[in-house]
Amino acid sequence: MRVVSLVPSLTEAVAVTRPEVLVGATDWCTHPAGLDVARVGGSKYPDLDRVHALRPDLVLLNEEENRRADAEALRAAGVPVLVTFPRTVPQALDQLGELVAALGVTGEPPWLSAARRAWSRPPAPAAPRAAVVPVWRRPWVVLGADTFAGDVLRRLGVVNQWADHPDRYPRPTLDELRARRPELVVLPDEPYAFTAADGPEAFPGVPAALVSGRHLTWYGPSLAEAPALLAGQLARPVRADR
C-alpha cells in the first residue's frame, strides 16, 4: 500500500500507525520529527504531478485544508481519496478510526485508544470563561461557529464569544473584539504564530492564554495529550497591561 497525505495531522497518524505505507506528504507535515518521505508542496497547492509520480493507492485530504479542485482531479485520474472534515472531537475520533481501517489495520492503535480515554474525561475547568480566539491578525480572524478547535476549547471550559456567528472564521475588527469584553483571549501559535510579545498587547488588561496550535487544531496522535496540555496552558495566562 502507498499513501500520500496532504494533511499534517493525518500524516502523523499514518506515520505512527503504518509508517511503511507513507510515501509522500506536504512541506508542512512536521510530525513526527525526522519524517523522511517525498514532499509534494503545500496543502492548498500541492504539486499533483509529484503526487501521481508516487503511484499512491490512497491520498488523504481535509475538506477545509485542501482544495476541492485537487480532490476532484485526483478522483478523475482514478486515484482513491479519503476526505476528512471533523467539527467536533467525537467526529475526529470516529474519522481517525475510519482512517486506521482504510490503512488495513486490525484493531485500534494505542494512540487512538489513549485519545479516546483522554477526551472521555478531560480536565474540569475552575469556571467557564468567555473568550475570543484569534487564529490570525492583519486582518484579525477568529474562531466562529462549527469548528473543531472551538469544540476542543468548549470541552475545556472556554466559551467562544463568536461561536454564534454565521461564519466559521469571522473577520471582526479589533474594536469589535474588544467590545465583547472577553474574560480571556486564547492565542495559538499556528496558523499565526502568536507569542507573548505579539498578540496579548492588543487586549490590554485581558488575560491571554498562549496555547499549542498543533494540540488545538490537529486531529491525530496529538489528541491523546491535548486535554491535559491545553488545560495547563489555559490555566496560566499572561496579561498585557499596556
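General observations
- Residue count for segment 1-60, restricted to those that are on the phi > 0 side of the Ramachandran plot and touching a strand residue (DSSP E or B) at 6+ places or on another chain (Cβ under 6 Å): 0
- Residues of segment 179-200 satisfying the condition of being modelled with pLDDT of 95 or more, within 30 Å of K44 (Cβ to Cβ) and acidic (D, E): D189, D198
- Selection status of A33, in contact with a Pro (Cβ under 6 Å, 6 or more places away or on another chain), among the small types (G, A, S) and either in a loop (DSSP other than H, G, I, E, B) or over 29 Å from A145 (Cα atoms) (or both): no
- Residue check, L216 under 21 Å from L10 (Cα atoms), touching a strand residue (DSSP E or B) at 6+ places or on another chain (Cβ under 6 Å), in contact (Cβ under 8 Å) with a residue 40 or more places away in the chain and surrounded by 15 or more Cβ atoms within 10 Å (Cβ to Cβ): yes
- If you check R178, R117, R138 for being among the basic types (K, R) and in a loop (DSSP other than H, G, I, E, B), only one passes: R138.
- Subset tally (residues that are within 15 Å of R138 (Cβ to Cβ), loosely packed, with under 12 Cβ neighbours inside 10 Å and of a type in the set (A, V, I, L, M, F, W, C)) for segment 165-197: 1
- Only listed residue being modelled with pLDDT under 95 and farther than 17 Å from V83 by Cα, chosen from A15, A33: A33
- Against the numbered list (1) over 18 Å from the mean Cα position of the chain (by Cα); (2) touching a residue at least 12 places away in the same chain (Cβ under 8 Å); (3) more than 30 Å from P227 (Cβ to Cβ), D49 comes up short only at (2).
- Subset of segment 60-112 [crowded, with 19+ Cβ neighbours inside 10 Å and hydroxyl-bearing (S, T, Y)]: T84
- Pair list, Cβ under 9 Å, 6 or more apart: segment 145-156 residue in the same structural domain as A124 (by TED's automatic domain parsing) and surrounded by fewer than 22 Cβ atoms within 10 Å (Cβ to Cβ), other residue aromatic (F, W, Y) and in a helix (DSSP H, G or I): R155/W119
- Residues of segment 56-103 that turn out to be in a helix (DSSP H, G or I) and either of a type in the set (A, V, I, L, M, F, W, C) or closer than 27 Å to S120 by Cβ (or both), as a count: 19
- Hey, P90 modelled with pLDDT of 95 or more, over 20 Å from F148 (Cβ atoms) and not assigned by TED's automatic domain parsing to the domain that holds L60 or not: no
- Residues of segment 226-242 that are at pLDDT below 95 and either touching an Asp or Glu at 6+ places or on another chain (Cβ under 6 Å) or crowded, with 17+ Cβ neighbours inside 10 Å (or both): P237, A240.
The values are calculated or read from the model by the stated rules, or taken from the named source; none is laboratory data. Here the structure is a predicted model, which means the values were calculated and not measured. Backbone-built Cβ (ideal geometry, glycine too); neighbour counts: all protein chains shown.
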